[in-house]
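The values are calculated or read from the model by the stated rules, or taken from the named source; none is laboratory data. This structure is a prediction, so every number in the text was calculated from the model and none was measured. Methodologically, a virtual Cβ is constructed for each residue, glycine included, from the backbone with ideal geometry; neighbour enumeration extends over all protein chains shown.
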């Protein structure tokens with residue numbers, strides 16, 4: 001990082017492989033590297049005290065940008081076009097204004113990064129080093145993807161809808177615009193409610209959240225919700241792009257095809273009670289009743305149960321869970337009161353969803369570091 | 001972090017020292033620790049491509065929160081009071097609405113964290129691990145602090161104005177509300193333009209930027225711009241609080257009183273050209289003219305010169321600098337064109353201000369990791 005002299009010229013003509021290496025696992029005693037830190041200072045999670053907000057204010061919602069944030073002003077004179085093309089009867093070319101003229105739908109959706117929890121794995125996959133905070137909930141406004149596809153007329157034989165953004169870069173040697181697909185069935189499922197969104201919490205999308213247009217795919221990890229959306233292409237074969245078949249796969253070894261990363265696994269998070277130490281983030285409370293509150297969500301089914309332990313996971317107490325049945329894609333709120341006595345504690349919270357999935361007490365490992373929904377553990381000291 | 005069992009009870013009654021340790025330096029081969037990572041996933045910098053915006057959109061401006069973001073909704077029924085007290089003739093108790101009724105002033109101000117560049121130091125002070133990105137520029141609207149102090153009537157013998165926020169925590173064993181002081185002269189200097197702000201870029205302050213009220217102290221590192229402002233106390237002795245006399249001092253050794261951290265040292269930053277590799281963030285361009293653009297600022301004086309080197313700091317080319325004379329506290333824009341040929345490069349940019357301060361080519365070290373305005377170096381590959 002502190003290099004003052006140009007690097008030696010490579011023996012070969014300069015090529016992408018000179019700057020872009022295969023994925024790797026950190027060594028047993030390897031701290032977070034400079035490259036991981038550079039990602040952590042760009043991208044950011046939700047400070048857990050912001051779980052208090054039903055919808056996450058701008059700047060507190062998690063952000064993960066693969067390459068650069070494209071520069072797209074959102075004024076009346078600015079040009080941005082979204083095309084709907086491929087296996088359709090009537091290709092569409094739309095600008096954000098044309099989308100705003102269509103009937104608008106607003107969904108409250110909890111989005112979470114598939115890599116959330118990666119930095120708590122051992123060995124640690126080297127990538128964006130999330131702990132537990134890569135989540136946020138917003139009211140997203142836009143046009144149902146199903147409506148746009150119906151307007152374009154999807155032809156028989158259609159398999160996938162490929163969404164391509166303007167976010168351009170290199171990843172493991174592959175130069176690309178970020179692109180992901182959904183099956184036509186998932187893209188048009190009214191129970192899923194996929195949107196082409198142009199507003200977040202009632203305002204135009206902030207640059208880092210996809211200005212001027214993005215997909216929002218409720219229930220799926222965030223990689224499906226393509227930002228800076230340029231093109232929707234209906235295809236007659238399954239999409240095999242980098243982000244679909246190379247990245248975002250559950251693999252135990254690097255040679256495997258792996259299983260695709262799709263729906264969000266259940267997770268509960270707690271607003272850390274009391275107040276923190278600046279450096280260790282350990283919490284401090286005083287004896288007496290301590291309200292414990294937080295949120296819980298799952299992409300598989302509504303949250304059915306949230307349990308909290310304050311005795312080292314020997315016993316669990318059920319929290320009261322409040323979900324809004326008309327907002328099935330938003331997190332639920334939970335609360336329970338703990339009567340604290342002096343001493344050091346580890347508080348643990350875990351969620352179970354209506355499909356029977358419960359958060360594990362040991363981290364589920366895979367080579368990409370995806371879907372680690374290990375329970376949250378909060379270190380705390382109750383003063384005398 | 002993965003502890004499943006309660007920690008052993010301490011021999012003594014639980015006390016703050018159990019969770020809060022003295023400052024320390026990282027070991028020679030020590031990667032970023034879990035505690036530093038926990039700060040890096042909460043706080044965040046400005047993704048450098050966002051230097052393209054004259055004012056930084058919410059969520060892209062750097063954020064540094066010492067403890068927790070206080071929960072302060074900003075609606076008409078919400079209660080928040082700011083008191084102006086101490087050595088004044090007429091103590092004031094004001095709510096945000098009362099401030100909004102007063103004549104409003106808007107200043108465009110570049111704020112930078114005093115710890116920016118800390119993670120590039122060797123040995124590295126263990127704290128929030130910024131690289132170079134802890135900066136942002138916003139239009140801040142509020143009431144001049146000088147006006148409020150005049151209204152309250154500062155009495156003869158007044159020395160300092162102490163600003164205390166609602167941000168509560170422990171730091172190196174000291175439980176505290178975050179508090180900092182300015183001299184009465186600095187607090188009321190019309191050439192400095194200190195504000196009690198309630199809006200950022202025309203909207204109410206976001207929670208992480210001080211909702212509902214904060215100080216904005218142009219030209220000073222961000223620690224002076226106290227967020228979640230509750231109290232302004234005029235004192236007849238110099239303030240000796242933790243953030244004034246323990247933290248935020250330039251020290252070579254831990255026992256020294258040190259010099260106070262005050263004005264922002266000059267810095268230029270570049271929008272990294274071309275496109276990045278996801279993991280290494282190394283940039284890729286193609287041969288031909290490459291526009292290089294960015295921003296530069298200093299708290300001492302307007303920026304006088306920005307130079308760029310693409311030959312390993314052997315020669316420097318002057319960039320064209322554009323500053324707005326009516327916005328002396330905002331960053332200046334700069335640009336220059338580089339004609340790229342295939343090969344690997346390190347691009348360097350450095351700023352010089354009108355008071356004669358130039359960014360150094362080697363990092364200025366101090367124990368707290370403050371004011372490291374080492375030049376920015378951007379690793380880049382021009383493809384064949």
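Listed values, structure above:
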| read-out | value |
| --- | --- |
| Check on residue A:228, out of contact with any strand residue (DSSP E or B) (no Cβ under 7 Å at 6 or more places or on another chain), within 14 Å of chain B (Cβ to nearest Cβ) and buried (at least 21 other Cβ atoms within 10 Å of the Cβ) | no |
| Residues of the range A:337-382 satisfying the condition of being within 19 Å of the chain's Cα centre (by Cα), closer than 17 Å to residue A:311 by Cα and part of a loop (DSSP other than H, G, I, E, B) | A:375 |
| Selected residue [surrounded by 21 or more Cβ atoms within 10 Å (Cβ to Cβ), within 14 Å of chain B (Cβ to nearest Cβ), under 16 Å from residue A:247 (Cβ atoms) and touching a residue at least 12 places away in the same chain (Cβ under 8 Å)] from A:174, A:170 | A:170 |
| Those strands (runs of 3 or more DSSP E) lying entirely in the range B:260-336 with at least 1 residues surrounded by fewer than 17 Cβ atoms within 10 Å (Cβ to Cβ) and within 14 Å of another protein chain (Cβ to nearest Cβ) | B:288-297 |
| Residue satisfying all of: in the range A:177-198; within 16 Å of residue A:107 (Cα to Cα) and touching a residue at least 60 places away in the same chain (Cβ under 8 Å); farthest from the other protein chains (Cβ to nearest Cβ) among these | A:193 |
| Residue that is nearest to the other protein chains (Cβ to nearest Cβ), among those in the range B:250-259 that are touching a strand residue (DSSP E or B) at 6+ places or on another chain (Cβ under 6 Å) and surrounded by fewer than 19 Cβ atoms within 10 Å (Cβ to Cβ) | B:250 |
| Failed item, numbered, when residue A:192 is tested on (1) under 17 Å from residue A:149 (Cα atoms); (2) buried (at least 24 other Cβ atoms within 10 Å of the Cβ) | (2) |
| Exclusive hit being at pLDDT below 95 and not in a helix (DSSP H, G or I), set B:158, B:179, B:166, B:191 | B:191 |
| Residues (under 12 Å from the mean Cα position of the chain (by Cα) and part of a helix (DSSP H, G or I)) located in the range A:206-259 | A:209, A:222, A:223, A:224 |
| Filter result (surrounded by 21 or more Cβ atoms within 10 Å (Cβ to Cβ) and touching a residue at least 60 places away in the same chain (Cβ under 8 Å)) within the range B:337-356 | B:347, B:349, B:350, B:351, B:353 |
| Count of residues meeting criterion [in contact with a strand residue (DSSP E or B) (Cβ under 8 Å, 6 or more places away or on another chain) and over 23 Å from residue B:103 (Cα atoms)] in the range B:146-181 | 20 |
| Answer from A:212, A:207, A:276 - the residue that is in the same structural domain as residue A:304 (by TED's automatic domain parsing) and at negative phi | A:276 |
